Amino acid sequence: MDSEIESILEQLQAARDLSDLQRATEAVRDHYAIAHIVYHWVSSTGDQYGAGTYSQAWVDRYLEKGYLRLDPVLHGCQQRFDPVDWKQLDWSGRGVQAFLREALEYGVGNQGWTLPIRGPGGQFALFTASDRCDDAQWSAFIARAQRELIILAHEFNKKALEFEHGRGGAPAPPLSPREQAAITFIARGLSRAQAAQEMGISEHTLRVYIEAARHKLGALNTTHAVARALSRDAIVL
Amino acid sequence: MLRYVYGHDLKAHPRLADSMFRDRGAQFADRLGWSVAVDARGHERDTYDALDPLYVIWELPDGTHGGSMRFLPTTGPTMINDHFSHLCAGVRIESPLIWECTRFCIAPRADRRAAVGLVLGAGELMLNFSIEHFCGVFDPRMERIYKLYGIAPEVIGQSGTGPQRIAVGLWEMCHAAHEDMLRRLGITRAVSRDWFERSMHAPVPMRESA
């Protein structure tokens, strides 16, 4: 199943415009067989843009009614950076209750998980997964998928930032020499213990170097990071 | 008990916040001799406190601070990446699965439960938020305390001498340590989860019946 997320990450990294981001949200939704995946960038001036699988009718309704004002997901997430289960948010108040009823009517789902992302220079975005299921099913899904969702969220945001800076404006940062060395040793088939020994560092430090490289490469895991580093010519065996 | 409080919510806990920043002043400026800014109230704060970090705080029965630490995501500004990357062999520690943990502080009034509680709280963050590592800048003189609680960091770099000595360390999730902390505090995982949820959840949950 991992390889499907890997190919979605590849698809995401190759994205050239918003419609490609849109297709990526659909692919993530289909992979998990849940109701929705949404990436939503909200600027400090209230401008918003994004991609997602909510129905056009709901998006239109949301914009027309200016729901940005009272959406508890946005307001609850704005001042935090941990993943938020929608059940943690404050859904009280008449306006919010009406908003919730409508959201349910429009098929948003009764369960949701949102990761707030604090980007550079005050940039802020939300990445959401939602579905229609019971609490136990939802927490089981989140327990299983949270790590991947966090990685996906940041890849969507990287892409959106790249679009914002104009084509070629924000290239992926190159691997540092130590990250390069760590990934190269793993690519050559050394175990983590052997690679750490070669580099004169502990295995724990090696894992952190690999994790930093994984994030730069937009990979799902170490094996995927190695594959991406090779295909990008970021390492030489 | 443990509280997990974002910076913007500290105003809801004035006594706790006041004693936390005061204890930080006493620990980092007075005892460890760090050159940190302390205001007229004796509060120690730096620019990272202004970034709305997440604090994990051990609260004493009288409502004051028993111990605390401060977390920020490494995908934003962090002390390590901004000031100490030369101690990390030029690797910028940045990943949504790694958070920075700084200002580990224990109040002089607190007993051993404070440090145990903080270690437990750090574990809850990892378990609940899929965090795989913490990194942080710390005073090597604190290592002895960390060791005492079985959470000695992996030191990846250090510099300076005497009070200027500073180290960059890494911590990762250890399930056995988590169990051990529960045992030392004499509480169950359910109690720890309850502390976590009481802090992180709004009082009015979303109802499916709506």
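Every number here is computed from the coordinates shown, using simple stated rules; none is lab data. This one's a predicted model, so the numbers in the text were calculated from it and none came from an experiment. Every residue, glycine among them, receives a Cβ derived from its backbone with ideal geometry; neighbour counts consider all protein chains shown.
For this structure, a couple of remarks:
- Across chain B, C-alpha contacts under 8 Å between residues 6 or more apart give a mean separation that, scaled by the residue count, equals a relative contact order of 20 percent.
- Applying 1/(1 + (r/R0)^6) with r as the Cβ-Cβ distance of residue A:143 and residue B:111 and R0 = 41 angstrom yields a FRET efficiency of 0.75.
- Our coupling estimate for segment A:64-69, obtained by passing each phi through the Karplus curve with A = 6.51, B = -1.76, C = 1.60 and θ = phi - 60°, is 4, 7, x, 5, 3, 4 Hz, Gly and Pro reported as x.
- Long-range HN-HN contacts of residue A:50 with modeled amide H, under 5 Å: A:41
- Note on A:100-106: average number of Cβ atoms from other chains within 10 Å of each residue's Cβ is 1.
- In segment A:174-231, GluC sites (Glu not before Pro) in a DSSP loop with at most 10 other beta-carbon atoms within 10 Å: none
- For residue B:55, distant residues with modelled amide H under 5 Å away: B:5, B:6, B:7, B:71
- The trypsin sites (Lys or Arg not before Pro) of segment A:1-65 that meet both conditions, a loop assignment by DSSP and at most 14 other Cβ atoms within 10 Å of the site Cβ, are A:16, A:65.
- Relative contact order of segment B:115-168, pairs being alpha-carbon contacts under 8 Å that are 6 or more residues apart, as %: 33
- Phi-derived couplings, Karplus 6.51 cos²θ - 1.76 cosθ + 1.60 at θ = phi - 60°, listed residue by residue for segment B:93-107: 7, 9, 6, x, 9, 10, 10, 8, 10, 9, 6, 5, 9, 10, 6 Hz, with x used for Gly and Pro.
- Between A:106, A:62, A:35, the Cα set farthest toward the positive side of the dipole of segment A:19-140 (charges on each charged residue's Cβ, about the Cα centre) is that of A:62.
- For residue B:45, the residues whose modelled amide H falls within less than 5 Å of its own, excluding neighbours fewer than 5 places apart on the same chain, are B:37, B:39.
- Spin-label pair residue B:147/residue B:29, simplified geometry with 7 Å Cα→Cβ offset, distance in nm: 3.1
- Cα lying deepest toward the dipole's positive end in the protein assembly as shown, options A:25, B:6, A:230, charges on Cβ: B:6
- Under Stokes-Einstein, with the Kirkwood radius over Cα pairs as Rh, the value for the protein assembly as shown at 37 °C and 0.692 mPa s is 142 µm²/s.
- Spatially proximal aspartates and glutamates relative to residue B:147 (Cα-Cα < 16 Å; intrachain offsets below 8 disregarded): B:139, B:172, B:180
- Per-residue HN-Hα couplings for segment B:14-21 [Karplus 6.51, -1.76, 1.60; θ = phi - 60°; Hz; x = Gly/Pro]: x, 5, 5, 5, 4, 6, 5, 5
- Across chain A, C-alpha contacts under 8 Å between residues 6 or more apart give a mean separation that, scaled by the residue count, equals a relative contact order of 18 percent.
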